[in-house]
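The values are calculated or read from the model by the stated rules, or taken from the named source; none is laboratory data. Quick caveat: nothing in here was measured; it's all calculated off a predicted structure. Positions of Cβ are generated from backbone atoms using ideal geometry, with glycine treated the same way; all protein chains shown enter the neighbour counts. Side chains are part of the model used for accessible areas, which takes the heavy atoms of the whole protein and leaves out ligands, DNA and RNA. Shrake-Rupley method; radii C 1.70, N 1.55, O 1.52, S 1.80 Å.
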Amino acid sequence: MHRKSWRYYRDLTIVWASFFLLLFSAAYALRHPAYWMLVLLIWFLRSPLRKAYYHAHPPRRINWLEKTALQFREVTFKSGDGLTLFGRFVPSRNKTTILLVHDLGQASQDMLLYAEILANAGFGIFMFDLRAHGSSDGDVSTNGHCEAEDVAGAVNYLLHRIDVNGQRIGALGIGLGAQALLHGALQVENIRAIVLEGLEPSVLRDHGGRQQPLLRRLGTPGNWLYYTFHQWMCGCRGTGVLDAIGHLAPRPLLLIASGSQDIYFNRLFYQAAGEPRELWEVPKGEHGAAILAGSHAYRQRITQFFQKELLLAEPTSEVLR
């Protein structure tokens, strides 16, 4: 059982208080119609508040693993800022290890399908629960900013294993996991090839500013409120995707976008990224689920990417273990 911090109870109280305030103001407006404008204002404020609360305090999934042929070793390790995190490790057959990082509200077991695809190709696997998820410590999620410390801790764990080659570590993250990998890879150079699927904005600037279509600009006030509420709830601010992604170069980057919204944002991120870079668009897919739109194509794309960049390519720089 993971203990909740004061932030959780404070934020939960505020969300419930906003609900009762909306309820009472609506009841009052039934008798005094002039107050319906106040009801609409509270409703407008409460929508980004609820979204911020869910993203800051996602529901924690029970950490169980489906039957699989993979022989996982369950481990614990420390994040860069001292939290105890839970992970599962499978040794490689080709001297290369892939870090798998899950999306918001999920846990490491949700990366099992990806683990099986890559393990069957000979890659080692290390998938772990981000802070405030699964069996890991913490109760605040931060759009990848503080989760960068989780990625740094995972890489540090791998570097201390004698069965892991520190110059052949790749990573694949989905949604929140993609945000965590982006910021975490800027802290550790040992991640040599990076796949970011369903990468989303983490600050308002990531929405594109004046480049946005008119209909998207209409959502700017709500987005501003969401990021303001979320940063206040989690107590963590960081660099946005557009400002960070270019610093991954010269490490190879593959962006995967499924669905119209992911495609819009990832085209912006692709333009800001440095070479070498790839963008794979899956128009008929859903956010963070490109694998469901074409499992064979997905299997080929990620295995060939990691094989090319980690097995066939020479290291871009020497990293001391």
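In the range 131-181, which residues are part of a loop (DSSP other than H, G, I, E, B) and of a type in the set (Gly, Ala, Ser)?
132, 134, 135, 136, 138, 141, 144, 166, 175
Conditions (1) open to solvent by less than 20 Å² (accessible area, probe 1.4 Å); (2) at pLDDT below 90, marked per residue:
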| residue | (1), (2) |
| --- | --- |
| 189 | no, no |
| 192 | yes, no |
| 197 | yes, no |
| 210 | no, yes |
| 216 | no, yes |
| 221 | no, yes |
| 228 | no, no |
| 241 | yes, no |
Exclusive hit being at pLDDT below 95 and in contact with a Phe, Trp or Tyr (Cβ under 7 Å, 6 or more places away or on another chain), set 7, 61, 73: 73
Of all residues in the range 4-25 being out of contact with any helix residue (DSSP H, G or I) (no Cβ under 8 Å at 6 or more places or on another chain), of a type outside the set (S, T, N, Q) and in contact (Cβ under 8 Å) with a residue 24 or more places away in the chain, the one that is surrounded by the fewest Cβ atoms within 10 Å (Cβ to Cβ): 4
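Out of the residues in the range 102-112 that are among the hydrophobic types (A, V, I, L, M, F, W, C) and assigned to a loop (DSSP other than H, G, I, E, B), state the one that is surrounded by the fewest Cβ atoms within 10 Å (Cβ to Cβ). It would help to see each step written out before you state the result.
Of the residues in the range 102-112, the ones among the hydrophobic types (A, V, I, L, M, F, W, C) are 104, 107, 111-112.
Cutting the leftovers down to assigned to a loop (DSSP other than H, G, I, E, B) gives us 104, 107.
Details: 104: 21, 107: 23.
Once the filter is applied, the top-ranked residue is 104.
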Qualifying positions in the range 243-299 - open to solvent by 40 Å² or more (accessible area, probe 1.4 Å), among the hydroxyl-bearing types (Ser, Thr, Tyr) and more than 22 Å from residue 208 (Cβ to Cβ): 295
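Can you confirm whether the range 306-318 contains a residue that is at pLDDT 90 or above and farther than 16 Å from residue 193 by Cα? Lay out the reasoning, then the answer.
We begin by selecting, within the range 306-318, every residue at pLDDT 90 or above; these are 306-310.
Going one step further and asking which of them are farther than 16 Å from residue 193 by Cα, we end up with none.
The answer is no; no qualifying residue exists.
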Yes/no for residue 82 being of a type in the set (Gly, Ala, Ser), open to solvent by 20 Å² or more (accessible area, probe 1.4 Å) and either over 19 Å from residue 194 (Cβ atoms) or under 20 Å from the mean Cα position of the chain (by Cα) (or both): yes
Matching residues in the range 113-168 - criterion: being farther than 11 Å from residue 79 by Cβ, open to solvent by less than 10 Å² (accessible area, probe 1.4 Å) and either touching a Pro at 6+ places or on another chain (Cβ under 6 Å) or among the polar types (S, T, N, Q) (or both): 124, 141, 142
The range 174-187, residues that are surrounded by 24 or more Cβ atoms within 10 Å (Cβ to Cβ) and of a type in the set (Gly, Ala, Ser): 177, 178, 180, 184, 185
Of all residues making up the range 37-70, the number that are loosely packed, with under 14 Cβ neighbours inside 10 Å and among the charged types (D, E, K, R): 2
Pair list, Cβ under 6 Å, 6 or more apart: the range 114-132 residue more than 17 Å from residue 64 (Cβ to Cβ), other residue in a loop (DSSP other than H, G, I, E, B) and basic (Lys, Arg): 122/93
Matching entry among 88, 93, 73 (being open to solvent by less than 40 Å² (accessible area, probe 1.4 Å) and charged (D, E, K, R)): 88
Contacts under 8 angstrom Cβ, first residue in the range 26-40 being of a type in the set (Asp, Glu), partner part of a helix (DSSP H, G or I) and at pLDDT 95 or above, 6 or more apart: none
Lone unmet requirement of (1) modelled with pLDDT under 95; (2) touching a strand residue (DSSP E or B) at 6+ places or on another chain (Cβ under 8 Å); (3) crowded, with 24+ Cβ neighbours inside 10 Å for residue 171: (1)
